[in-house]
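Before we start, here is the structure in question, set down as C-alpha cells.
The values are calculated or read from the model by the stated rules, or taken from the named source; none is laboratory data. Please read all numbers here as calculations on a predicted model, not as lab measurements. Because the Cβ atoms are built from the backbone with ideal geometry, glycine has one as well, and the counts that use them run over all protein chains shown. Note: accessible area is taken over every heavy atom of the protein model, side chains too, but ligands, DNA and RNA are not part of it. Shrake-Rupley method; radii C 1.70, N 1.55, O 1.52, S 1.80 Å.
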Amino acid sequence: MPGDRRAVSSNGVPVPFTDELFTPLPDSSGLLGDPGALRRRFHDDGLVLLRGFLDRETVLALREAYLSTFPEGLLKPGSTPRDGVFSGRPPEGLPSHGVKDHPAYDFVRTERFASFARQPALTGLAETLLGGPVRLMPRGILRHFYAGSLRASRAHTDHAYMSQGSDRVLTMWIPVGDCPVETGGLVYLEGSHRDSPERFDPARLASDRAHDSRPISHDLQLTARVVGRRWLWSDYEAGDLTVHSPYVVHASLDTVTDVMRVSADVRFIREEDKMDPRWTKEWAGDDGA
Ligand SMILES: O=C(O)CCC(=O)C(=O)O
C-alpha cells in the first residue's frame, strides 16, 4: 500500500488520518440480493458502497479509451494509458480540465461514454434505490486529477448544485481505475444527510471560496469538527462504485500517487420529475453549474 496515512490532504490542506476524523466506509454489496434492504440502507446512510458491481475490465477499458485521447507527454514514458501513470507534467497548451478542446470535454460527448453511463446494471440500480422508473441526467462528468495539482473537490452536497429541480435524484461515483486513498478518492461525512445546511456555516466562513455559497469548505478537518462527524473513506478498486443522495456531504482527497485518478459521476432522476435545467445539457468544465 503506497503512502503514509498519518495525514492525507484535500486542496493542499492536511487532514490528520485519525480515528476521530476518519472511519472506513461500510460495504453494502451483501444487500444486492435484497432490494428492500439495499434501499433502506441507502435512505438510512445517505449512500451505499458496492464493491465489484461493475465489470472491472469494462471500467479499465474506459480508462484506457479516455487516457488514449491525450496528446503525448501526459503519460510516463513506458507506461500505458490503462496504467495511467502521470509523467509529472501536463502536455503543453492543454486547456483547463473539461473545457472545450480538453479531452474530457470530447470524451463525455462520445458514444463510448454514453453507453457506459446507460448500461442496464446502472439503470436497474437507480430504479431500485429511487423506487421507480428513472432517467439518466445528461450532465455526466469525467474527472481527472494528478499529483502536484493540490486540487480536489471541496466539501459539498450535490443539492447545493441542483436545487432547481426534484430531489429524487442520486449520484453514482465511479472510480475509473483503482483508487486507494492516496490516489484521491471520495470521502463522505458520516450521517451528514440529516444535517441542516446551516450547521456548516462556521466552516463556510473559513472557506477559500466564501463568495460562492455552494461549496462548504476546502478544509475537511474543520468541516468534520463543526458537526462532530467522521469522514468515511475507502480504497476503491475498478468495478466498485458508490451511490449517494443529494444531501450527503462529500469531498475528495488530493491525488499524491503517480497513478492518476479518473472517475465518472453518473446521475439519475425519477422519470416523471423535473430536472434542474443546469443538468439537462452535457457537461463542460467551465459551464458554471
Ligand atoms: O470526484 C470528485 O472529486 C467529486 C465527485 C462528486 O462530488 C460527486 O460525484 O458528487
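I'd like the accessible area for D55, computed on protein heavy atoms only with a 1.4 Å probe and all protein chains in place. Round to 10 Å², please.
90
On to the next question. For region 1-93, just the Cα atoms, rotate onto the principal axes and tell me the three extents in Å, largest first.
49, 34, 26 Å, listed from the longest principal axis down.
Follow-up. Can you tell me the alpha carbon radius of gyration of region 167-262 divided by the globular rule-of-thumb value 2.2 N^0.38 Å?
1.12
Using the Cα centre as the reference, give the magnitude of the dipole from point charges on the C-beta atoms of the chain (Lys, Arg: +1; Asp, Glu: -1; all else neutral), rounded to the nearest 20 debye.
Using Cβ point charges on Lys, Arg, Asp and Glu, the chain gives about 380 debye.
Whose amide H sits under 5 Å from the amide H of V134, counting only residues 5 or more places off or on another chain, with H placed in the peptide plane?
E271
How far is the Cα center of region 51-81 from the Cα center of region 114-192, in Å?
Here the two parts' Cα centres lie 19 Å apart.
Same structure again: Calculate I(q)/I(0) for the chain by the Debye formula, one identical point scatterer on each C-alpha and no solvent, and give its log10 at q = 0.08, 0.10, 0.14, 0.16 Å⁻¹ to two decimals.
-0.31, -0.50, -1.05, -1.43
Where Lys and Arg each count +1 and Asp and Glu each count -1, what net charge lies around F42 among other residues with Cβ under 13 Å from its Cβ?
Net charge in that neighbourhood comes out at 0.
Enter the accessible area per residue of the chain (Å², integer; probe 1.4 Å; all protein chains in place).
For the chain, the solvent-accessible area averages 43 Å² per residue.
Okay, moving on. As an exercise, identify the GluC sites (Glu not before Pro) in region 49-115 lying in DSSP coil whose Cβ has no more than 15 other Cβ atoms within 10 Å.
Here the GluC sites (Glu not before Pro) that fit, given the DSSP loop and packing criteria, are E72, E92.
With a/c under 1.5 counting as rounded, go ahead and sort region 65-111 into rounded, prolate or oblate using the C-alpha gyration tensor (a ≥ b ≥ c being the square roots of the eigenvalues; past the cut-off, prolate if a/b is larger than b/c, else oblate).
Taking the square roots of the gyration eigenvalues as a ≥ b ≥ c, region 65-111 is oblate.
Shifting gears a bit: Across 5 Å bins from the origin, how do the percents of Cα pairs in region 231-276 run, short distances first?
4, 11, 24, 25, 16, 10, 7, 3, 1
With n ≥ 4 as the cut-off for DSSP H runs, can you work out [θ] at 222 nm for the chain, using -39500 (n - 2.57) per run divided by the number of residues, rounded to the nearest 500?
Rounded to the nearest 500, it is -5500 deg cm²/dmol.
Here's something else I'd like to know. What percentage of the solvent-accessible surface of the chain, computed with a 1.4 Å probe over protein heavy atoms, is contributed by carbon and sulfur atoms?
Carbon and sulfur together cover 50 percent of it.
Here is a further query. Cut-off 10 angstrom, C-alpha nodes, Gaussian network model of the chain. Which of P120, P16, P246 fluctuates the most?
P120
First select every other residue whose beta carbon is under 12 angstrom from the beta carbon of E282; then total the charges, Lys and Arg +1, Asp and Glu -1.
Net local charge, E282 excluded: +3.
Based on a Kirkwood Rh over C-alpha pairs, give the Stokes-Einstein translational diffusion coefficient of region 113-223 at 37 °C and viscosity 0.692 mPa s in µm²/s.
Taking Rh from Cα pairs, D becomes 201 µm²/s.
I'd like the Karplus ³J(HN,Hα) series for region 251-262: coefficients 6.51, -1.76, 1.60, θ = phi - 60°, whole numbers in Hz, and an x wherever there's a Gly or Pro.
Along region 251-262, the couplings run 7, 10, 9, 5, 7, 10, 8, 5, 5, 7, 8, 10 Hz.
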